[in-house]
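Novice: The structure that follows is given in the form of structure tokens.
Values quoted throughout were computed directly from the atomic coordinates according to the rules given, and no laboratory measurement underlies them. Bear in mind that the values here come from a model prediction, so they are computed numbers and not experimental data. All Cβ positions, even for glycine, are placed from backbone atoms using ideal geometry, and neighbour counts span all protein chains on display.
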Amino acid sequence: MNRCRPTLLAALTLTATVALALSACGSDENSGKGEDKIASVDTGDKPSASPTPPPSSTAAADRPKVELPSDLKLTFEGAETGDPVKDAVLADNAERMRAVDAAIAGTDPEGKALGFYNTGKALEAAVSWVGQFEKANAAVTGQVRYFDREVELRDKTSAVLTFCADESKGFSKDKKTGKVAKTSVTKNSYVQYNTRLDKNADGVWQTSQILSTRGTAQCSPATLRTRPGEPTTHT
């Protein structure tokens, strides 16, 4: 019987955003050098469709439809800032995060959305991350909440976005057996992201760089804060 391999996935915990002992899941890559902050499963049910992006981000033609399995729910807080450009950045970032999980889950086996919403080092890291799940025969399930999403526009075509992820209800699962790996919630169930996005010629805000830190005080509940988290590395 092909079971989820703890040794391999525990190693992934140190290189991306799978929580300790394979509990929390979500998508997380650590890629690129920065300036300033950055540069500065399938249950047989109908998959959930991608939310409609705001008008300012729908100009790009042929946007891929991102679908997730019904047992995986991603929630993105603070989607509307009142600034159409910032809202477009937030919308495309949300689709980027969904695209990674869709590739992992198998609802986007060709990775069309992955390449649509990522570029450069972030794309390389995302492809590597998805590949590691494939090698472990693992997927993600449960709920992941993204919050404290803040956009800083650098110019007309570049932006820095920081946000947190609550993976306390997100887990990895074995694709063959469906067994879910659950562990207790710790500060490492929370991840801080620091990303750079660049607007391409089609008007899509693609993630070009992404860094993550697990267990930071900025994202972890006060009751779980014991010591600062250490930056993850993607190898």
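Novice: In nm, give the distance between the simple-model label positions of residue 79 and residue 217, each being 7 Å from the Cα along the Cα-to-Cβ direction.
Specialist: Output for this residue pair reads 3.3 nm.
Novice: Given H placed on each backbone N at 1.01 Å, which residues far from residue 170 in sequence or on other chains put an amide H within less than 5 Å of it?
Specialist: Result for residue 170 returns 25, 143.
Novice: Once phi is turned into θ = phi - 60°, what whole-Hz ³J(HN,Hα) does the Karplus curve with 6.51, -1.76 and 1.60 give for every residue of the stretch 156-172, x standing for Gly and Pro?
Specialist: 5, 10, 9, 8, 10, 10, 10, 6, 10, 10, 9, 9, 5, 10, x, 9, 8
Novice: Right, another one. Among 131, 144, 76, flag the residue with its Cα farthest along the positive direction of the charge dipole of the stretch 75-193, charges on Cβ as +1 for Lys/Arg and -1 for Asp/Glu.
Specialist: Checked the options; the winner is 131.
Novice: A 20 angstrom limit on the alpha carbon distance is what I want to check against. Which of 73/175; 65/176; 135/176; 121/175 exceed it?
Specialist: Beyond 20 Å: 65/176; 121/175.
Novice: How would the stretch 64-122 be classified by its alpha-carbon gyration tensor: rounded, prolate or oblate, with rounded meaning a/c under 1.5 and the a/b versus b/c comparison settling the rest?
Specialist: Because a/c hits 1.5 or more and a/b fails to exceed b/c, the stretch 64-122 counts as oblate.
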